[in-house]
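Peer 1: After the structure tokens below, expect a handful of questions from me.
The values are calculated or read from the model by the stated rules, or taken from the named source; none is laboratory data. Remember, it's a predicted structure, so these values are computed and weren't measured experimentally. All Cβ positions, even for glycine, are placed from backbone atoms using ideal geometry, and neighbour counts span all protein chains on display.
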Amino acid sequence: MREPARHEINATPETPSTQILAKEAARRGAADGSVFVTDWQNSGRGRRDRSWQSLPGMDLTFSVVTRRRVATKDAPLLSLAASLAVCEALRKFLPESVSIKWPNDVLSGERKICGILCECAGADYIDYAVTGIGINVNSRPSDPAPLDKKRPAPTSLLALTGRSFDLPELLASVLEELDRAFALVETASGRAELLVSYRARCGTIGRAVTIITEDGDLDCVAVGISDEGAIVVLDADGEKKAFNAADVIHARLKDRQA
């Protein structure tokens, strides 16, 4: 296994999106471990082009360029690895309540504390991956609109602990966990280890959920995560189905916001 990435930190006071900066740099050949972080991301986005808002100087918003020997078929595991890394970093401060909502939201209880977007480029093997991470740290985010039933209500480290956090120190902690998690995706034994750890932290497994796809909604029970990183569910007829890409609503969350 290779040495951990040496991170080149590229900081900017304000940018529309660290993901855009990182992808442009990756296309120009930015090295593995290059980090793009900002005090204020004013037009960030998450999965399915949803907006991700952060307050100036209050939250941790960054993107990381990754160049690993990863087959494109295994690329979805990078997203799972990123959520596991953030989960492990935050558990140092919130050990009893941090979990992952498949595929890569990090929750404390039923509230979202982190969102992740992983994008890859390459053919048989990835040329690079760019992982954008937004962690609510020192802000006090407001609840989403009542009609927005697909989004878990947000929270932050400050709201949960009553104290503020040093952003550079938290960034260093997350990057250390990211290096460890991304390295696992490069080998078969590492991927097996990653999936064991991810399944242990995934709060979606065992929950009644609604799977939302372009073909419609499916009420079911999440029963596992496949070796490819897909969510495996059991429908009302007792049939197992796997979804590689879908929105997931935890039943209790859906009921609370209905």
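Peer 1: Checking residue 149 against (1) touching a helix residue (DSSP H, G or I) at 6+ places or on another chain (Cβ under 6 Å); (2) more than 23 Å from residue 17 (Cβ to Cβ); (3) at pLDDT 95 or above, only one condition comes out false. Which one?
Peer 2: (3)
Peer 1: Kindly list the number of the only condition in (1) touching a helix residue (DSSP H, G or I) at 6+ places or on another chain (Cβ under 9 Å); (2) among the hydroxyl-bearing types (Ser, Thr, Tyr); (3) within 16 Å of residue 110 (Cα to Cα) that fails for residue 164.
Peer 2: Going through the list (1) touching a helix residue (DSSP H, G or I) at 6+ places or on another chain (Cβ under 9 Å); (2) among the hydroxyl-bearing types (Ser, Thr, Tyr); (3) within 16 Å of residue 110 (Cα to Cα), residue 164 breaks only (3).
Peer 1: Condition check: surrounded by fewer than 19 Cβ atoms within 10 Å (Cβ to Cβ), within 18 Å of residue 178 (Cβ to Cβ) and modelled with pLDDT of 95 or more. Does residue 9 satisfy that?
Peer 2: So residue 9 passes the test.
Peer 1: Specify which of the listed residues (228, 177) is out of contact with any Phe, Trp or Tyr (no Cβ under 8 Å at 6 or more places or on another chain) and assigned by TED's automatic domain parsing to the domain that holds residue 79.
Peer 2: That would be 177, the only listed residue that is out of contact with any Phe, Trp or Tyr (no Cβ under 8 Å at 6 or more places or on another chain) and assigned by TED's automatic domain parsing to the domain that holds residue 79.
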